[in-house]
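Take a look at the structure set out below.
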Amino acid sequence: MNEQDIRTLDDQFCAQLIPHVSAHANKYSRGTLGVVGGCAQYPGAPILASMAAVRSGAGYVRLVAPNDAAQSARSHLVSIPVSACIQNEEGCFCARSFEQVRDALKKSGALLVGPGMGTSHDVASFLEALLSCPGFQDRPLVCDADALNIIAAQPDMFTGACRAECVLTPHEGEAARLLGRPLISRYEDARELASMFNATVVLKGPETLIVAADGRTNVMNSGGPELAKAGTGDVLAGIIAALLAQGLDALDAASLGTQIHANAGKLALGKLGIHAVMPEDIISYIGPAFLTMEANQDS
């Protein structure tokens with residue numbers, strides 16, 4: 001591993017990556033994102049991801065979920081449109097869901113797939129149809145959570161498709177499943193994953209590694225234990241997906257996204273304390289995290 005290919009992220013560097021918003025912008029020019037996830041058992045994950053995406057600057061976010069999860073989402077989301085699709089008996093995506101999802105995502109320039117969607121055979125069939133659809137293969141993509149576990153069991157459904165800018169966001173357990181073995185060296189394992197899937201990999205942890213397919217590696221080591229709660233990964237995925245939708249490439253979107261996520265966590269920690277921080281609090285401090293970073297750039 002060439003140490004010259006490794007950068008430790010800081011606010012000054014990441015501030016340069018923040019997308020510029022034109023004074024003449026509209027909701028479509030600011031980036032459109034489709035979030036695909038949820039099931040009857042886990043309706044909250046895509047809600048968190050969608051809220052985080054809007055907070056992170058995406059102009060138009062649409063959540064697409066199976067019918068039961070969509071009804072739950074509509075009761076929580078006011079400014080984010082929600083599309084419902086056919087579900088199986090367990091309230092999950094299935095192969096019959098695909099056409100409705102495809103139609104709902106026609107105007108989405110980038111996609112986030114996976115939060116709370118489940119890993120059953122029916123969901124895997126749906127995901128395979130989505131990833132192999134020619135109309136979606138040129139769109140930036142974030143695969144998170146359950147999508148990663150499905151891909152780990154059937155890697156050909158991902159590696160067989162020609163992808164545009166793509167980010168995978170595994171924690172260490174998901175990374176081990178994607179590799180098909182326990183982790184040995186986080187740096188080398190993250191690089192192997194990035195090469196294997198021809199994608200940018202965000203290997204989450206106290207030291208988060210962001211590795212491009214060509215081996216370039218950024219390290220984010222400012223995250224704290226306030227982020228160690230269920231749901232904060234969904235928030236991170238939404239932030240990164242929003243930045244992809246705004247035109248950043250995969251490495252820059254993942255790098256800026258992890259730094260914003262960590263900084264929002266710190267701000268929430270300072271107001272609420274280590275025990276009380278919730279994923280919703282991280283979302284509420286995304287805006288202040290951007291403002292602080294931009295102020296550091298100007299000073």
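The values are calculated or read from the model by the stated rules, or taken from the named source; none is laboratory data. None of these values were measured; they are calculated from a predicted model. All Cβ positions, glycine included, derive from the backbone under ideal geometry; neighbour counts span all protein chains shown.
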- Query: Can you spot a residue in the stretch 14-29 that is more than 16 Å from Val142 (Cβ to Cβ), at pLDDT 95 or above and in a helix (DSSP H, G or I)?
  - Reply: yes
- Message: Restricting to the stretch 102-135, name every residue that is under 16 Å from the mean Cα position of the chain (by Cα) and among the hydroxyl-bearing types (Ser, Thr, Tyr).
- Response: Ser108
- Message: Tell me the residue from Arg181, Arg216 that is closer than 23 Å to Arg139 by Cα and of a type outside the set (S, T, N, Q), please.
- Response: Arg216
- Considering only helices (runs of 4 or more DSSP H) fully contained in the stretch 238-299, which possess at least 3 residues that are within 26 Å of Thr200 (Cα to Cα) and touching a Cys at 6+ places or on another chain (Cβ under 9 Å)? 250-272
- Note on the structure: Residues of the stretch 35-62 being closer than 20 Å to Glu99 by Cβ and under 13 Å from the mean Cα position of the chain (by Cα), in sequence order, are Val35, Val36, Gly37, Pro46
- Select from the stretch 205-216 the residues that are more than 11 Å from Ala254 (Cα to Cα) and not small (Gly, Ala, Ser) and write down the one among them that is modelled with the lowest pLDDT. Pro206
- Message: For the stretch 110-130: of the residues being touching a Leu at 6+ places or on another chain (Cβ under 7 Å) and either at pLDDT below 95 or small (Gly, Ala, Ser) (or both), which is surrounded by the fewest Cβ atoms within 10 Å (Cβ to Cβ)?
- Response: Ala110
- Task: Go through the stretch 166-177 and give me each residue that's within 19 Å of Asp234 (Cα to Cα), among the aliphatic types (A, V, I, L, M) and more than 14 Å from the chain's Cα centre (by Cα).
- Result: Ala175
- Mind checking whether some residue in the stretch 37-52 is outside any helix (DSSP H, G or I) and closer than 16 Å to Ala242 by Cα? yes
